[in-house]
Amino acid sequence: MKATMLLCVSGITRLGYVGNKDIKERYGVVYIQEKMCEQRLRWYDNLLRAADHSAEKIANEFVVSGKRLRRRPR
């Protein structure tokens with residue numbers, strides 16, 4: 001949620017300066033980067049616990065042989 005929207009909801013004007021961090025802590029808003037990191041770790045934990053024959057585990061352990069082309073394929 002945008003910090004300006006949170007300021008509007010809380011009734012704080014720009015003259016009474018309050019930092020974005022303080023506003024987000026007051027309303028319990030989580031930063032997007034933290035949420036994405038949490039989701040990735042949750043997915044990775046599920047991947048580690050998956051069966052050896054699952055598609056996710058096979059795709060994670062797959063090694064591509066050969067060289068990559070230097071230019072865009074035509």
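Would you call V9 surrounded by 10 or more Cβ atoms within 10 Å (Cβ to Cβ), at pLDDT below 85 and part of a loop (DSSP other than H, G, I, E, B)? Taking the combined requirement at face value, the residue does not satisfy it.
From E56, E34, grab the single residue that is loosely packed, with under 10 Cβ neighbours inside 10 Å and either under 23 Å from the mean Cα position of the chain (by Cα) or in a helix (DSSP H, G or I) (or both). Result of the check over E56, E34: E34.
Out of the residues in the range 37-53 meeting the condition of being assigned to a loop (DSSP other than H, G, I, E, B) and in contact with a helix residue (DSSP H, G or I) (Cβ under 8 Å, 6 or more places away or on another chain), tell me which one is surrounded by the most Cβ atoms within 10 Å (Cβ to Cβ). Give the steps one after another, and end with the answer.
Our first condition is that a residue be assigned to a loop (DSSP other than H, G, I, E, B); within the range 37-53, this holds for 50-53.
Subset that is in contact with a helix residue (DSSP H, G or I) (Cβ under 8 Å, 6 or more places away or on another chain): 50-51.
Values: A50: 14, A51: 7.
Once the filter is applied, the top-ranked residue is A50.
The values are calculated or read from the model by the stated rules, or taken from the named source; none is laboratory data. Since the model is a prediction, treat every value here as computed from it, not as a measurement. Counting neighbours? That spans all protein chains shown, and the Cβs are built from the backbone with ideal geometry, glycine included.
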